[in-house]
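Read the structure below first, then the notes.
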Amino acid sequence: MKNILVGGQYGDEGKGKISSYIALKDSPEIVARGGVGPNAGHKVLYDGQWYSLRMLPSGFVNPDSKVMIGPGVSVDPEVFTKEIEMTGTEGRVFVDKRCTTITAKHKEEDAAAALSKKIGTTKTGCGPSVTSRARRDAVLMQDVPEMQNYVVDVAQAVNNAKNVFVEGSQGFMLSCLYGTYPFVTSKDVSASTIAADVGLGPASIDQVIMVIKAYTTRVGNGPFPEEIGVEEAVKLNFQEYGTVTGRPRRTSPELHWEDLKFAVQVNSATQIAVTKIDIRFPGNEGKTKFEELTAEARRFLDQLEAKLGVPVTLIGTGPDAKHIIDRREELL
Ligand code: IMP
Ligand code: MG
């Protein structure tokens, strides 16, 4: 099985939680990360401890899985080595030899650029490193001396493995191609690009899981329909803060159906995972069976499934990897 997980909104859909569950449950040989780079923030609650990750895939929580970063991802060696230490994963974490290296200069450029203000970038050097790559003056990971213990051919490894789980980052509406340009990240982040990011061709992918949060949030500038203020968002218990930047996230209480339908098409989503159903519909905290959900929550999920035409296989009911309803066996 080669499965891909992508974000269906503006990033921060709760991919980390779904990924960590899938890694624990399906025990892939390799959990690989695609996407842009350390601009992404994934929060994972595992064994009572919160981990904030920017480089490593959330699937690291399974000690039997190898953890890999695909060639399409820009890698900040400093962030990478810190996260290995923090997660205690030394010895099973690898990075592709072709990855673009994020340098101090890239980070300075990202922070200084007029763009960082206009777009509200994360200032993590991702955009400038992608620019270097296109200009063909980037430093590749194979040429960074202190990274040699980690460098492998991830593209070969994922093609040779049987069971691979690939985590995308950001979300469809932040795609440089399909999102709200120019208020987007520096690459496309749809499933095809995430596959290419790790070295997989389209025909080798079995399932594409698109993650949607039960309400909509956005961090950074750009168009955002039906936005409400912080006060109202706090009242609804929807107010969130960015993992990487700490900025308050913008909130829109409903789902944006036309955007989601388009995201399903372009990602060729075969499954939907819905997160934070317990936040949108109180009374559903920690539920692990669909039948245990409140009628209102079930109606919402049935409607979502009907509107998008894709089965809702995974439903997040709380922050821990165990707080989930897994209907994959029943629906697929
Ligand atoms: P950049 O990716 O740092 O260049 O930032 C471009 C835009 O994408 C900004 O609005 C960021 O806040 C947003 N962005 C980038 N990565 C993520 C993410 O992982 N989650 C949410 N927003 C993100
Ligand atoms: Mg995030």
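Every read-out reported here was derived from the displayed coordinates using simple, explicitly stated rules and does not represent laboratory data. Everything numeric here is computed off the predicted structure, so don't read it as measured data. Using ideal geometry, Cβ is built from the backbone for each residue, glycine included, and neighbour counts are taken over all protein chains shown.
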Item to complete: For region 239-313, state which GluC sites (Glu not before Pro) are in a DSSP loop and have at most 13 other beta carbons lying within 10 Å of their beta carbon.
Response: 254, 285
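Report the convex hull volume per residue for region 2-331, counting only C-alpha atoms, in Å³. Intermediate results must be reported in sequence, preceding the final value.
Details: hull volume 40.6 nm³, N = 330.
It comes to 123 Å³ per residue, whole-number rounded.
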Response to the item:
Classified through the alpha carbon gyration tensor (a ≥ b ≥ c as square roots of its eigenvalues; rounded if a/c is under 1.5, else prolate when a/b is larger than b/c, else oblate), region 1-137 comes out prolate
Response to the item:
Residue by residue through region 318-323, the couplings from Karplus 6.51 cos²θ - 1.76 cosθ + 1.60 with θ = phi - 60°, in Hz, x for Gly and Pro, are x, x, 6, 3, 6, 7
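Calculate the all-directions average of the projected area of region 22-89's alpha-carbon convex hull, and give it in nm².
Details: hull surface 17.2 nm².
Here the figure is 4.3 nm², rounded to one decimal.
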Worksheet entry | Most fluctuating residue given options 218, 136, 98, as computed from a GNM of the chain linking Cα atoms under 10 Å | 136
Response to the item:
Two pseudo-spin positions, 7 Å from Cα along C-beta at residue 292 and at residue 204, lie apart in nanometres by 3.9 nm
Practice prompt. Taking amide H positions as placed in the peptide plane 1.01 Å from N, state which residues far from residue 274 in sequence (5 or more) or on other chains have amide H under 5 Å from it.
Written response: 212, 314, 315, 316
Worksheet item: Taking H as built 1.01 Å from N, whose amide H comes closer than 5 Å to the amide H of residue 32, not counting residues under 5 places away?
Response: 68, 165, 166, 167
Fill in: Whether region 194-299 is rounded, prolate or oblate, judged on the alpha carbon gyration tensor where a/c under 1.5 counts as rounded
oblate
Worksheet entry | Inter-part distance where region 78-146 and region 232-306 are each reduced to a Cα centre, Å | 31 Å
Item to complete: Report, in whole Å, the centroid distance computed from the Cα atoms of region 179-226 and region 49-70.
Response: 19 Å
